[in-house]
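Have a look at the structure below, then the notes.
The values are calculated or read from the model by the stated rules, or taken from the named source; none is laboratory data. Here the structure is a predicted model, which is why all the values come from computation and not from measurement. In this analysis, Cβ positions are derived from the backbone assuming ideal geometry, glycine residues included, and neighbour counts consider all displayed protein chains. These area figures cover heavy atoms from the full protein model, side chains too; ligands, DNA and RNA do not enter into them. Shrake-Rupley method; radii C 1.70, N 1.55, O 1.52, S 1.80 Å.
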Amino acid sequence: MGLLSVATSKNGGLLKKAQEASRLTFQQWAEDKGIEHCGVFCEQSGLMMLKLAYGLDAPSVFSSISTKDFWTGSIRSNNWVTLDRESPNFTAFTQFLSPEARRNVRTFRILKIADQDKLNIFFAYSDKPAGLLRASAEFSAELLSVMESHAASLIEAPTCESVKGLTQNHKARLCLISTKRALDETTKNIEVSELTIQKILTTTIFEEIFFRTKKLFASPGAIYSEDSGEIKAAAIINSGIEDEILKEQLFLEYRDLIGDEAAKKIIILTAGYSDIDEEIIDYLLRG
């Protein structure tokens, strides 16, 4: 699927699409659309920055701090804006990418999303030529629906039903995945004017980490987080070999997002084993 190629449903209207989107995280929604690298710039602390991101590395997220005047002056159309390397103002938007992404980018797709008096900017880039784009009104409605319910959909509280597969002839290993040292490594050379802004952008990165981790712990497995930097998990891991495999999987999932050195600083701590659903839920929710 080309960048932002949005299919028009023949048997579903705008409301149906918005309802379906409201059950997705931003990352899952972007993945389902086949969008490789994208995010949403939102107004935060008087500035514009990436509040949601998918497929964007940490340096790009921290490069997103900008002014509302830049966006209102650069993106005046309410329709899709497509830029390629031959476009006169193409380089004005490469400032929001890491050096590596900047070298490879060939196309930007940008859309202003109106939400009452708030300014939101959907921002996507690709290292491929722009694909076909359709149904922008539907796209905007879906995106707003996802933005409204994203946090609750991403970090959804596990239930006894959701961990049932873990306790069928197995004891689940309860563990803590700490990303705090990794995030500190990622941000140590970042200069941000306010701690509040750094916290917002670090959360944007952590949410991408959480999404990738959640995919690794798909059924039978469960994860939960109340602290941006720590992930509690329950999974069937019964040997040291499997533990090393998990560490390697996490490293491979995180390295393109936060870099090799930061990804090596992920810590996995064992909190015990259990084959009782209620105990597993109690650990995940309360620790």
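Solvent-accessible area of residue 128, probe 1.4 Å, all protein chains present, reported in Å² to the nearest ten, please.
Answer for residue 128: close to 100 Å² accessible.
Which one of 78, 121, 62 has its Cα pushed farthest toward the positive end of the charge dipole of the chain, where Lys and Arg give +1 and Asp and Glu give -1 at the Cβ?
78
Would you mind estimating how fast segment 98-251 diffuses translationally, via Stokes-Einstein at 37 °C and 0.692 mPa s with the Kirkwood radius over Cα pairs, in µm²/s?
In µm²/s, the coefficient rounds to 175.
How much mean residue ellipticity at 222 nm does the chain get from its helices, if each DSSP H run of length 4 or more adds -39500 (n - 2.57) and you divide by all residues, to the nearest 500 deg cm²/dmol?
Values: 12 runs with 120 residues, N = 287.
Only helices count here, giving -12500 deg cm²/dmol.
Please state the equivalent ellipsoid semi-axes for the chain: what are the square roots of 5 times the Cα gyration tensor eigenvalues, largest first, in whole Å?
Sorted largest first and rounded, they come to 35, 22, 17 Å.
Scaled to the compact-protein estimate 2.2 N^0.38 Å, what is the alpha-carbon radius of gyration of segment 55-180, rounded to two decimal places? Show your work: numbers first, answer last.
Numbers: Rg = 19.7 Å, N = 126, 2.2 N^0.38 = 13.8 Å.
Ratio of Rg to 2.2 N^0.38 Å for segment 55-180: 1.43.
Give me the dipole magnitude in Debye, nearest 20, for segment 49-95 about the Cα centre, with unit charges on the beta carbon: positive for Lys and Arg, negative for Asp and Glu.
With Lys and Arg at +1 and Asp and Glu at -1, about 160 debye.
For residue 23 and residue 276, what is the calculated FRET efficiency with R₀ set at 35 Å and r taken between the beta-carbons, to the nearest 0.05?
0.75
Angle, helix 136-154 long axis vs. longest principal axis of the chain, Cα atoms, 0 to 90°, nearest 10?
Rounded to the nearest ten degrees, it is 30.
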